[in-house]
Amino acid sequence: MELPGSPLTATYARPRSTPTKFLPAISTTASSYKNHFPYHPLPQSFRLPRLPSTSYETAAINPSLSPFSRLSQGLTPSKMRDFVSNRTTPFTRYTPDDWYRSNLTNCKESETARHNAERLRVDTARLIRDTYQQTKKTQAESTKSLGERVNDIEFWMSELCHELDEMIGETNALTDVKKRLERALAKTEAPLQVSQECLLHREKRMGIDLVLDDVEKQLFTEVDIIRSCQKRMQQYLDKAKDQLVSNRAAQHELEKDLANKQEAHRIDKKCYHLRNTSDGISYYRGVERVDDTISVPESWANFTDNNILCSQGERAASTKLRDNIENLLVVTANEMRHQFNVVNVAFTNRIAETADAKREIRTHLAKTVQEIFQIEMNIEAIQKAIRDKGPPLKVAQTRLDECIWRPNMEPCQDTAQLRPVNKVCEIDETIQSLQQQLRDAEDTLQVLFRAKSVLEHDLAIKANSLFIDQEECMGMRKTFPSTVRLLGYV
């Protein structure tokens, strides 16, 4: 039973044990901040190829604060007595010195805690200010670097565009020259065919006109020159095709590099304009560990520079080849045109010679025909003269035959007897002479007939040769292409 005036013995009046830690356990608060940053899973294309060896761990904070009361720690268990529910006499718990010492300790600890808190607040403010300035500086430097990279990309883009335009122009120019070369090469087939047909037609010449004259020599030379020009043109045509392949390959590399630069310029320019207040910014966990770079600034610049240098080299080779083709077209056109003129001059001279020979043959033929006519008239005159000698011979021989029949001494070798004898001999000699003359005239007539036949045959040969050279060959050679066609412009 409790005595009046005795203190209450409620269970809540018992002294509480002094806690050694004033903060709750880390394990109870870890779940409240471990997911402070939102988690956004990366898409499949942006995930790392392998997991890093490090991982995040939950930090445990165990602050070592001073106990709220050191007096309780300093008291021995013997001094800390439990309340007895049924005690009859009061007793003193602590001494006044303990009470004052406890108050003084609490004040000092409170002052120390406030000082530490104030220092922590100052350090925190300085840390916040420093981290803000550092973050701002780092972000400014990153933005500046992005701006410099955008400028570098724009510079190389301008260089690539300039070189690409130059390469496209050079490729188009080389294509035009190649087409001209192809047209010029095709135009050489007609002159070659004309020359070969001229040689074939000249094989139709007859007799003595079938000679290896200057015209035929020049025609063979023309065929050789045209074939030589065709061979050189075909070689340069193959070179032009190969060079066009190289030009298009260099152009493809420039276009691909320019497309990459444009895409990189778009991305880097977008990154350059991103700000803390921009839309579309988000967390990407682990993106800083993704390293997909394959070049350094030196190799990055050298790659584009090498593409431009390669394009410039191919463009220089293309320009040189184009100039060589231009010179080749001029040289081959001049060679073929010059030989064409030489052959035409040879044909003209040969035609003139043949025409002169034909006129001369005609003159001789006319004279021969006239002479044949004169010989025929002469033969007729000789034959008439021989016929005319018949009656006188008959008269003389008849006289001599009648004189034979004179009797006895009447046959006298007088003038009347001798004169008919001489007359017969004279007439015989005259007839023999006329007959010999007739035979000579007939032989001469045969010779004239043979000469006339030879002249007529030769005249036909000359006419045939003149027709071949003047009508057939020179008629075909009028279709020889002009210099403009030989240069490939048409």
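Here 397, 436 are screened, and the one residue that is modelled with pLDDT of 90 or more, polar (S, T, N, Q) and open to solvent by 70 Å² or more (accessible area, probe 1.4 Å) is 436.
When residue 451 is tested against (1) open to solvent by 40 Å² or more (accessible area, probe 1.4 Å); (2) more than 22 Å from residue 200 (Cα to Cα), only condition (1) is not met. Kindly indicate whether any position in the range 216-225 is among the polar types (S, T, N, Q) and without any contact (Cβ under 8 Å) to a residue 40 or more places away in the chain. The answer is no, given that none of the residues of the range 216-225 is among the polar types (S, T, N, Q) and without any contact (Cβ under 8 Å) to a residue 40 or more places away in the chain.
So that you can scan it fast, the table gives a plain yes or no per residue for (1) in contact with a Phe, Trp or Tyr (Cβ under 7 Å, 6 or more places away or on another chain); (2) open to solvent by 90 Å² or more (accessible area, probe 1.4 Å); (3) outside any loop (DSSP other than H, G, I, E, B); (4) modelled with pLDDT under 95:
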{"position": "136", "(1), (2), (3), (4)": "no, yes, yes, yes"}
{"position": "141", "(1), (2), (3), (4)": "no, yes, yes, yes"}
{"position": "161", "(1), (2), (3), (4)": "no, no, yes, no"}
{"position": "184", "(1), (2), (3), (4)": "no, no, yes, yes"}
{"position": "197", "(1), (2), (3), (4)": "no, no, yes, yes"}
{"position": "201", "(1), (2), (3), (4)": "no, no, yes, yes"}
{"position": "204", "(1), (2), (3), (4)": "no, yes, no, yes"}
{"position": "212", "(1), (2), (3), (4)": "no, yes, no, yes"}
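Going by what's in this entry, would residue 408 be described as closer than 28 Å to residue 378 by Cα, surrounded by fewer than 14 Cβ atoms within 10 Å (Cβ to Cβ) and modelled with pLDDT under 85? No: the conditions fail for residue 408.
Taking each residue of the range 270-291 that is free of Cβ contacts under 8 Å to residues at least 12 places away in the same chain and under 20 Å from residue 141 (Cβ atoms) and looking for partners that are assigned to a loop (DSSP other than H, G, I, E, B) and open to solvent by 100 Å² or more (accessible area, probe 1.4 Å) with beta-carbon atoms closer than 9 Å, six or more apart or interchain, yields 281/275. For the range 461-490, residues that are open to solvent by less than 70 Å² (accessible area, probe 1.4 Å) and touching a residue at least 12 places away in the same chain (Cβ under 8 Å) total 19.
Let's see how each residue does on (1) among the charged types (D, E, K, R); (2) at pLDDT 95 or above:
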position	(1), (2)
309	no, yes
317	no, yes
329	no, no
332	no, no
337	yes, no
340	no, no
344	no, no
352	no, no
357	no, no
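Scanning the range 89-134 for residues that are acidic (Asp, Glu) and surrounded by 10 or more Cβ atoms within 10 Å (Cβ to Cβ) returns 98, 109, 111, 118, 123, 130.
Of all residues in the range 230-266, those that are open to solvent by 30 Å² or more (accessible area, probe 1.4 Å), under 21 Å from residue 319 (Cβ atoms) and not small (Gly, Ala, Ser) total 13.
Would you mention how many residues in the range 291-321 are surrounded by fewer than 19 Cβ atoms within 10 Å (Cβ to Cβ) and under 15 Å from the mean Cα position of the chain (by Cα)?
7
Is it true that residue 344 is assigned to a helix (DSSP H, G or I) and open to solvent by 60 Å² or more (accessible area, probe 1.4 Å)? Taking the combined requirement at face value, the residue does not satisfy it.
The values are calculated or read from the model by the stated rules, or taken from the named source; none is laboratory data. Keep in mind the model is a prediction, meaning the values are calculated, not measured. Neighbour counts run over all protein chains shown; Cβ positions are idealised from the backbone, glycine included. Heavy atoms of the whole protein, side chains included, go into the accessibility calculation; ligands, DNA and RNA do not. Shrake-Rupley method; radii C 1.70, N 1.55, O 1.52, S 1.80 Å.
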